[in-house]
Amino acid sequence: MKILVSKRRMLGDTVLLSSTLDLVGRRFPGAEITALVPAAFAPVLEHHPRLREIWGYGGFLRTAWRIRRSKFDLHLNLHAAPDHDEWLARLGGARRILTHVQGAEAAARYGRRPNALEWDSFFLQSALGDAERMPPPAPRVHLTPDELGWAREFLRRRGAEGGRAVFLGLGASRPTKRWPHFARLAELLRDRGELVSVIVVGPELRLHQCGLPKKMALELFKPFIFHKLE
């Protein structure tokens, strides 16, 4: 059985997808699973044991044609704003297509609105007709020994040893993703936990879009690490 799992969201959702892939693998033992995600975040899923392939999104028509040529048996479209992606799935022509729902439609189907960690498991439970809820495993990024060594050295050179770092992924789509929402947390992590905050933003975002103040203002939150994805 060939399965395509697509979720063209941002970094955090791509990390969460690692948990969903484990769910799909448990539900369909032996299936060949391909993940379709934004090209910038595809490395997050490298080395995932459930995956046969990882595709970075390469434009609407090119991706639709690639899906059609692969002749998938099942396409799980997990994009939370699915209109564009629903057409992509239809043109891709998998034998069975299941598209994620959210908001009021999810509340009507599930009886409540799941939180971010539950979205995919609730959707899979409903769409696949499982009698019992499938509890999602914790998200996990699989790293090689060389990658772990590079990361430890990256943090060490910036004053954060091993487990002393907490990553804060900033975004721009709503206020709860921007820096002011995280500023007090960063202070508490530093003052009470002696932890270093690693501030991460996506490759396409400018600092002011994430609500980040000028560099001098950020001095108040030192020590911290700022990293912009390439």
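Every condition in (1) modelled with pLDDT under 90; (2) buried (at least 16 other Cβ atoms within 10 Å of the Cβ) holds for residue 37 except the one numbered (1).
For residue 4, the requirement of being of a type outside the set (D, E, K, R), assigned to a strand (DSSP E or B) and either within 17 Å of residue 139 (Cα to Cα) or out of contact with any helix residue (DSSP H, G or I) (no Cβ under 6 Å at 6 or more places or on another chain) (or both) is met.
So that you can scan it fast, the table gives a plain yes or no per residue for (1) more than 17 Å from residue 87 (Cβ to Cβ); (2) hydrophobic (A, V, I, L, M, F, W, C); (3) in a helix (DSSP H, G or I); (4) under 12 Å from the mean Cα position of the chain (by Cα):
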| position | (1), (2), (3), (4) |
| --- | --- |
| 16 | yes, yes, yes, yes |
| 35 | yes, yes, no, yes |
| 42 | yes, yes, yes, yes |
| 69 | yes, no, yes, no |
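Among the residues of the stretch 4-46, what is the count of those that are over 23 Å from residue 177 (Cβ atoms) and either basic (Lys, Arg) or touching a residue at least 60 places away in the same chain (Cβ under 8 Å) (or both)? Final tally of qualifying residues: 8.
For the stretch 134-167, the set of residues classified as more than 22 Å from residue 14 (Cα to Cα), surrounded by 14 or more Cβ atoms within 10 Å (Cβ to Cβ) and without any contact (Cβ under 8 Å) to a residue 24 or more places away in the chain consists of 154 only. Candidates 91, 17, 61: the one that is buried (at least 16 other Cβ atoms within 10 Å of the Cβ) and touching a helix residue (DSSP H, G or I) at 6+ places or on another chain (Cβ under 9 Å) is 17. Tallying residues that are surrounded by 13 or more Cβ atoms within 10 Å (Cβ to Cβ) and within 14 Å of residue 212 (Cα to Cα) within the stretch 168-196 yields 12. At least 3 residues being modelled with pLDDT of 80 or more is the threshold, and among the strands (runs of 3 or more DSSP E) wholly inside the stretch 113-230 those reaching it are 165-169, 196-201.
The values are calculated or read from the model by the stated rules, or taken from the named source; none is laboratory data. What you see is a predicted model, and the numbers here were worked out from it, not measured in a lab. FYI the Cβ positions are ideal-geometry reconstructions off the backbone, even for glycines, and counts take in every protein chain you see.
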